[in-house]
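Read through the structure below, which is laid out as structure tokens, and then see the notes.
The values are calculated or read from the model by the stated rules, or taken from the named source; none is laboratory data. Computed from a prediction, not measured in an experiment: that's the story for all the values here. As a convention, Cβ positions derive from the backbone with ideal geometry for all residues, glycine included, and neighbour counts pool all protein chains shown.
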Amino acid sequence: GAVVSQHPSWVICKSGTSVKIECRSLDFQATTMFWYRQFPKQSLMLMATSNEGSKATYEQGVEKDKFLINHASLTLSTLTVTSAHPEDSSFYICSARGGGWYIQYFGAGTRLSVL
Amino acid sequence: GENVEQHPSTLSVQEGDSAVIKCTYSDSASNYFPWYKQELGKRPQLIIDIRSNVGEKKDQRIAVTLNKTAKHFSLHITETQPEDSAVYFCAASIANTGNQFYFGTGTSLTVIP
């Protein structure tokens, strides 16, 4: 299957700082990338959909100014958690699909801890 | 939007027995239904998927059935092995219009040796 790389795998930051998470498709062009949030022992909640070169589409209830998404190339999308607070602590995971694909390939996730 | 429900939330079976996980969806426009397996601390991995023009699909010990009329689909694992222990997620999607996946709440499967 296709490979999606996510970095960093774990980040600890102070409250009020911003954190950037990268999601890269290593061996295919990702026309669409998705960002999910997963709480312990819970499901993957879709946060937003990003298409290369256009603005991300956010799911209802997700603050677009809080979670900035950029998809500047066909192999890279970034999620920036701005002014992070302890309640933003979670597991963030990205996925990507190529043009015309049904399947999404997932990154390994980023565990964010905000102190 | 789409709402996917998944049952049971936990499932324990003896090695060699079968396991069945069931999901229902709300949006009749959904036409693609993948199943992912997530081991502790690892990324979700696709194990099988089905499109709405098919009622059943099988891959070795794993099968998925789809009832479009009732809007439910199920994962069947036969001859379970300890390495099948993981959390399984179903999802529903409208392919070719964004293809967003809406996941069920997950089933933690434990296969007892």
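Annotation note: of A:T32, A:T17, the sole residue that is of a type in the set (S, T, N, Q) and surrounded by fewer than 16 Cβ atoms within 10 Å (Cβ to Cβ) is A:T17. Checking each residue of the stretch A:90-112 against the condition of being away from every other protein chain (no Cβ under 14 Å) and surrounded by fewer than 18 Cβ atoms within 10 Å (Cβ to Cβ) gives no match.
Comparison of A:A84, A:A2 shows that the only residue that is outside any strand (DSSP E or B), on the phi < 0 side of the Ramachandran plot, of a type in the set (A, V, I, L, M) and more than 14 Å from chain B (Cβ to nearest Cβ) is A:A84.
Test B:A63 against the stated conditions and say whether it is over 12 Å from the mean Cα position of the chain (by Cα), farther than 28 Å from A:Y92 by Cα and not β-branched (V, I, T). So B:A63 does not fit the description; no. Return a yes/no flag: does the stretch B:77-97 have any residue that is exposed (fewer than 13 other Cβ atoms within 10 Å of the Cβ) and over 21 Å from B:T10 (Cβ atoms). Scanning the stretch B:77-97, I find at least one residue that is exposed (fewer than 13 other Cβ atoms within 10 Å of the Cβ) and over 21 Å from B:T10 (Cβ atoms), so the answer is yes. Counting only residues that are at the interface with another protein chain (Cβ under 8 Å from one of its Cβ atoms) and assigned to a loop (DSSP other than H, G, I, E, B), which one in the stretch B:40-54 is nearest to B:A95 (Cα to Cα)? Going through the qualifying residues, I end up with B:P44. B:S108 meets all of the listed conditions (1) surrounded by 15 or more Cβ atoms within 10 Å (Cβ to Cβ); (2) more than 22 Å from A:T57 (Cβ to Cβ); (3) touching a residue at least 60 places away in the same chain (Cβ under 8 Å); (4) more than 10 Å from chain A (Cβ to nearest Cβ) but one, namely (4).
The set of residues in the stretch B:4-52 that are without any contact (Cβ under 8 Å) to a residue 12 or more places away in the chain and either within 12 Å of the chain's Cα centre (by Cα) or over 24 Å from A:T110 (Cα atoms) (or both) contains only B:Q45.
Taking the stretch A:87-108 as the range and being in a loop (DSSP other than H, G, I, E, B) and of a type in the set (G, A, S) as the test, the residues that pass are A:S89, A:G99, A:G100, A:G107, A:A108. Of the residues making up the stretch B:82-97, at least one is modelled with pLDDT of 95 or more and in a loop (DSSP other than H, G, I, E, B). Inside the stretch A:25-53, can you point out the residues that are within 11 Å of another protein chain (Cβ to nearest Cβ), aliphatic (A, V, I, L, M) and over 12 Å from A:T78 (Cα atoms)? Passing the criteria: A:L44, A:M45, A:L46, A:M47.
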